[in-house]
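Participant: Below is one structure. I have some questions about it.
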Amino acid sequence: MKLIKNGMYLKNGTELVETVSAAEAAAFGLEDAGKAKQGTMSYRILQAHNTSGDEKKLKIRFDKITSHDITFVGIIQTARASGLEEFPIPYILTNCHNSLCAVGGTINEDDHMFGLSCAKRYGGIYVPPHQAVIHQYAREMLAGCGNMILGSDSHTRYGALGTMAVGEGGGELAKQLLKKTYDINMPEVVAVYLTGEPARGVGPQDVALALIGETFGNGFVKNKVMEFVGPGVKNLSMDFRIGVDVMTTETTCLSSIWTTDGKTKEFLEIHGRGEAFKELAPEPLAYYDSVIELDLSTVKPMIAMPFHPSNTYTIEELKANLPDILHDTKERARVSLGDKVEFSLEDKVRDGRLYVDQGIIAGCAGGGFENICAAADILENCDIGNDRFTLSVYPASMPVYMELIRNGRAAKLMEAGAVIKTAFCGPCFGAGDTPANNAFSIRHSTRNFPNREGSKLQSGQISSVALMDARSIAATAANRGFLTGADEIDREYFPPAYHFDGNIYKKRVYDGFGKADKSAQLQFGPNIKDWPKMPALPENLLIKVVTRIDDPVTTTDELIPSGETSSYRSNPIGLAQFTLSRKDPAYVGRAKEVGAAETAREEGKDIASVNSEVAAVFKLIGGKMSDVTLANTGIGSAVCAVKPGDGSAREQAASCQKVLGGWCNFAKEYATKRYRSNLINWGMLPFVYEDGELPFKNGDYVLIKGIAKLTESGESRTTACVVCNEADTGTAAFTEYPLNLGELTPDEREIILAGCLINYYKD
């Protein structure tokens with residue numbers, strides 16, 4: 001794999017060159033070479049959906065939007081509070097995350113029934129639990145060439161089907177429901193130039209992990225569009241392309257798009273949607289901001305060791321350097337886990353071999369038809385044994401499940417000892433097949449972050465997950481848990497034909513788009529609560545840093561843990577009690593103490609009666625700054641982290657902070673655009689500190705004067721100061737630090753000034 005930072009031209013879809021002359025540009029019908037930027041597929045799709053009239057400042061309206069049952073309640077509640085009357089575009093509500101209804105009493109099924117009632121009242125599409133995971137349903141029933149889809153799940157990626165799809169926080173979907181736009185600068189476009197074809201035993205997860213390993217750490221494609229081109233595309237089946245595409249989220253790119261061809265057309269025709277096909281390809285001359293060259297034939301079976309999809313090795317490399325890599329994994333884990341638990345995989349080595357405890361093939365990445373068929377072929381006439389190793393397979397949709405039954409692959413898997421389960425995303429976030437304490441699981445799923453697949457560090461529990469392709473997981477299962485790459489075994493693959501049974505959806509999916517019934521009553525469960533009142537941005541802010549995280553990257557699963565905690569997703573105050581519960585269990589208590597002072601201030605009460613520390617800080621400020629008073633200065637909390645927001649699009653990572661009185665984040669940078677968007681949509685200031693190390697310690701009080709005026713003015717740079725007692729003399733010392741809000745659109749500034757998206761639309 002080769003990463004080329006400099007821009008390059010692609011000629012006729014096959015030849016990469018650094019420069020072209022004016023004569024060559026003219027030969028391609030261009031007045032100058034600069035126009036070649038408009039030759040990418042990405043440019044044409046984005047501009048076709050842009051309503052701004054400005055090719056650089058985009059205001060996007062999507063064709064469709066999608067959510068699942070961890071996110072749709074909050075999104076609809078936000079839109080309802082902002083004046084929603086009817087879904088203006090198809091809004092698909094799937095139920096694939098909290099499908100088990102096994103935790104928290106009735107609250108999961110209550111949310112499902114709320115979703116169904118909303119589909120009836122507002123004209124939505126409702127996919128019942130266990131029918132399909134969100135992204136498989138979108139592939140089968142929604143994606144169309146040249147379209148754009150916005151989803152409230154970070155793995156919203158349908159580029160292999162010619163659809164530019166974006167995963168964002170719920171606030172951005174609420175905007176679409178309110179007929180507003182998704183506002184971004186025209187992103188850079190990176191060509192992923194594919195040649196060759198995959199070797200025997202190599203699957204889509206192997207190619208994806210190879211890409212993630214090369215691009216995540218250096219931010220090569222961060223917030224950019226990955227455009228898959230080149231002669232190698234035609235050598236990949238649609239399921240293979242889809243399996244690579246869905247994992248591009250882990251590179252932190254904004255979106256993806258692929259050239260389309262006869263295989264794309266056949267896929268859409270099989271699913272009864274041949275009219276959705278359109279041939280997509282770059283113009284004869286197209287310019288890309290940077291390039292990734294990948295010869296598919298060089299990719300080997302891969303593994304992403306705990307605790308990140310970018311912690312990649314070839315399985316061959318891991319085996320050859322087992323002690324060193326296991327030691328390195330242990331040391332990396334210390335960064336996130338600290339001394340909360342003892343983590344090591346060295347006890348998994350027996351007679352020089354690495355053994356795993358569990359295999360999972362599941363979800364939007366692993367649950368595809370071809371992945372499961374290949375696993376079944378590998379496991380034919382094998383058995384996984386009757387010891388601790390287990391294997392679970394989750395087909396991504398009921399139509400896929402049905403075809404596996406009809407073609408006999410389901411029987412092969414069950415004969416080998418695998419358990420086949422329904423379409424469910426649970427194994428990807430700790431709500432299904434949670435491993436035992438200290439167990440090691442290999443999964444063809446999307447993520448292996450710490451705290452994600454069932455770990456509870458505060459209770460001394462730790463599980464670890466490595467990502468692998470379904471083929472190598474099956475090879476490992478055939479060897480009863482001894483880690484094995486699919487290229488190490490001699491197995492015959494039988495390329496399967498696929499027959500889609502659309503009657504499954506016709507019988508169960510409620511399609512109410514265009515048929516909104518305002519007389520339909522919404523069905524609320526006792527756990528479905530409205531958003532609490534949130535104040536507008538005050539003139540000044542006094543912020544207490546209530547947690548500081550020095551990890552290189554902080555995931556959204558650390559900010560608001562998934563698993564059983566997400567059962568409270570429809571109760572903003574209830575869910576907020578879990579904020580940072582596994583990373584910093586004291587965070588909630590500290591944030592509440594600060595929040596109590598703000599409540600007292602708003603109600604005109606004596607803040608010293610609820611928080612004497614805050615009162616003392618105000619006394620110090622008053623001794624030097626008469627223009628900073630309780631009347632014009634809000635009190636709030638902040639998270640200070642190096643690079644927060646990697647991973648999930650769940651807006652709760654930000655909204656839970658706001659519910660507890662949070663006003664901002666301080667960071668060196670933000671891991672993803674979607675997390676920064678979530679902060680903004682909940683009225684939180686996304687501060688960046690640009691000068692060396694993070695300046696603020698846990699417990700620091702940071703005064704930001706004139707923040708409302710700064711936000712309103714369009715300026716981004718300001719100076720904040722840490723307030724401290726000078727040598728216990730009762731006088732204040734102020735240490736100043738520069739802060740930057742970064743680029744904000746006029747609407748984003750108004751949202752922050754209003755206090756949150758809901759207030760903005762009410763106003």
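The values are calculated or read from the model by the stated rules, or taken from the named source; none is laboratory data. Since we're looking at a predicted model, the values are computed, not measured. Positions of Cβ are backbone-derived with ideal geometry, glycine not excepted, and every protein chain shown enters the neighbour counts.
Participant: Grab the helices (runs of 4 or more DSSP H) fully contained in segment 157-266, keeping just those with 1 or more residues being hydrophobic (A, V, I, L, M, F, W, C) and within 27 Å of Glu750 (Cβ to Cβ).
Facilitator: 170-177
Participant: Same structure, new question: For the condition hydroxyl-bearing (Ser, Thr, Tyr), over 14 Å from Thr71 (Cβ atoms) and at pLDDT 90 or above, what is the one hit in Ser154, Ser117?
Facilitator: Ser117
Participant: Let me ask something else. Take segment 67-100 and flag every residue that is crowded, with 24+ Cβ neighbours inside 10 Å and more than 21 Å from Pro572 (Cα to Cα).
Facilitator: Phe87, Tyr91, Ile92
Participant: Only residues that are at pLDDT below 90, under 17 Å from the mean Cα position of the chain (by Cα) and among the hydrophobic types (A, V, I, L, M, F, W, C): list them for segment 432-469, please.
Facilitator: Within segment 432-469, Phe449 is the sole residue that qualifies.
Participant: Out of the residues in segment 315-356 meeting the condition of being hydrophobic (A, V, I, L, M, F, W, C), part of a helix (DSSP H, G or I) and modelled with pLDDT of 90 or more, tell me which one is nearest to Gln458 (Cα to Cα).
Facilitator: Leu326
Participant: Could you check segment 676-711 and list, in sequence order, the residues that are hydroxyl-bearing (Ser, Thr, Tyr) and more than 18 Å from Ile751 (Cβ to Cβ)?
Facilitator: Those that are hydroxyl-bearing (Ser, Thr, Tyr) and more than 18 Å from Ile751 (Cβ to Cβ): Tyr689, Tyr701.
Participant: Scan segment 741-759 residue by residue and report those that are under 18 Å from Val688 (Cβ atoms) and part of a loop (DSSP other than H, G, I, E, B).
Facilitator: The answer is Leu741, Gly742, Glu743, Leu744, Thr745.
Participant: Then there's this: Check off (1) out of contact with any Phe, Trp or Tyr (no Cβ under 8 Å at 6 or more places or on another chain); (2) in contact (Cβ under 8 Å) with a residue 40 or more places away in the chain; (3) surrounded by fewer than 24 Cβ atoms within 10 Å (Cβ to Cβ) for His444 and give me the number that stays unchecked.
Facilitator: (3)
Participant: Considering only segment 85-97, how many residues are closer than 15 Å to Glu172 by Cα and touching a helix residue (DSSP H, G or I) at 6+ places or on another chain (Cβ under 6 Å)?
Facilitator: The number of residues fulfilling the criteria is 1.
Participant: Looking at this structure, is Tyr493 out of contact with any Ser or Thr (no Cβ under 8 Å at 6 or more places or on another chain), surrounded by 17 or more Cβ atoms within 10 Å (Cβ to Cβ) and either closer than 30 Å to Ala119 by Cβ or among the aromatic types (Phe, Trp, Tyr) (or both)?
Facilitator: No, not satisfied.
Participant: Among the numbered criteria (1) touching a residue at least 60 places away in the same chain (Cβ under 8 Å); (2) within 28 Å of Arg353 (Cβ to Cβ), which single criterion is violated by Ala423?
Facilitator: That leaves (2) as the condition not met.
Participant: Just to verify a result, which residue in segment 554-577, among those that are buried (at least 22 other Cβ atoms within 10 Å of the Cβ) and not in a helix (DSSP H, G or I), is nearest to the chain's Cα centre (by Cα)?
Facilitator: Only one residue tops the list, namely Thr555.
Participant: Now for a different question. Considering His112, His135, His130, which residue is at pLDDT 90 or above, part of a helix (DSSP H, G or I) and under 17 Å from Pro427 (Cβ atoms)?
Facilitator: Residue meeting the stated conditions: His135.
Participant: Being of a type in the set (Ser, Thr, Tyr) and under 20 Å from Val299 (Cα atoms) is the filter; apply it to segment 313-350 and report the residue that is surrounded by the fewest Cβ atoms within 10 Å (Cβ to Cβ).
Facilitator: Residue satisfying both the conditions and the ranking: Thr314.
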